[in-house]
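The values are calculated or read from the model by the stated rules, or taken from the named source; none is laboratory data. The model shown is predicted, which means the values in this text are computed figures rather than measured ones. Counting neighbours? That spans all protein chains shown, and the Cβs are built from the backbone with ideal geometry, glycine included. The protein model used for the area step is the full one, side chains on, heavy atoms only, and it has no ligands, DNA or RNA in it. Shrake-Rupley method; radii C 1.70, N 1.55, O 1.52, S 1.80 Å.
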Amino acid sequence: MPLPPKIKAGCGAATLFFAGVLCGIIGVFVLLALIIPRSEGWEKEDSRQFLAKHFSKRLKLTEEQKEKLTPGFNEFLNQRWALRSGYIKADRKILEDYLKSVEPELSPDQVKRSKEVMDHWWKEKRKLIGE
């Protein structure tokens with residue numbers, strides 16, 4: 001017995017929907033696993049090359065321009081890195097001070113949980129500043 005056209009159309013639409021979801025999941029994975037670490041890890045040479053290549057491709061730089069602009073671009077990345085590193089360390093200090101100030105208002109379980117959250121947050125941020 002052949003399938004009715006409505007069922008065939010429904011199966012086709014469902015297949016197309018799930019193919020789109022699968023492509024979206026793969027795209028997010030690529031973004032999280034490959035692109036973000038390279039664009040965030042300014043102190044690593046492969047990240048510097050990734051950013052320089054992206055910059056030069058977007059501006060359509062010639063080889064001569066790339067050679068001339070690379071030292072300045074590296075200095076820019078160093079300045080940006082120092083600024084970001086300082087910001088993250090200052091952010092940590094402000095957050096730690098705040099948590100200490102509200103500790104009297106929290107239960108022992110909440111204090112323990114706040115320290116766990118802070119430790120987890122710092123573990124992730126520490127990777128960004130190379131500590």
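Can you pull the Kirkwood radius for the chain, inverse mean 1/r over Cα pairs, to one decimal in Å? Kindly include the intermediate steps, with their values, before the conclusion.
Working: mean 1/r = 0.0510 Å⁻¹.
Computed over the chain, the radius equals 19.6 Å.
Which lysines, if any, have their Cα less than 22 Å from the Cα of Lys57, not counting same-chain residues under 8 positions apart?
Reachable lysines: Lys44, Lys66, Lys68.
Can you list the residues of the range 75-97 with backbone N under 17 Å from a point 7 Å past the Cα of Asp119, pointing along Cα to Cβ?
From the range 75-97, the list is 96.
Taking all protein chains as present, what is the carbon and sulfur share of the accessible area of the chain, in % to the nearest whole number, probe 1.4 Å?
Result for the chain: 63 percent of the exposed heavy-atom area is carbon or sulfur.
Between beta-carbons, use under 10 Å as the cut-off and find the net charge around Ser56, counting Lys and Arg +1, Asp and Glu -1.
Residues close to Ser56 contribute a combined charge of +4.
Provide the per residue accessible area, probe 1.4 Å, for the chain, rounded to a whole number of square angstrom.
It amounts to 81 Å² per residue over the chain.
Span-like helices, the chain: DSSP H, alpha-carbon axial extent 18 Å or more, mean Kyte-Doolittle 0.0 or greater, which ones? Kindly include the intermediate steps, with their values, before the conclusion.
Values: long enough: 5-30 (37 Å, 1.62); 45-59 (21 Å, -1.14); 63-102 (57 Å, -0.96); 108-129 (31 Å, -1.58).
Once both thresholds are applied, what remains is 5-30.
If we sort 18-29, 88-99 on the protection proxy, mean other Cβ atoms within 10 Å, highest first, what's the order?
Per-residue Cβ counts within 10 Å, averaged per peptide and sorted highest first, yield 88-99, 18-29.
Label Leu106 and Arg84 with points 7 Å out from Cα along Cα→Cβ: what is the distance between them in nm?
Calculated label separation equals 2.8 nm.
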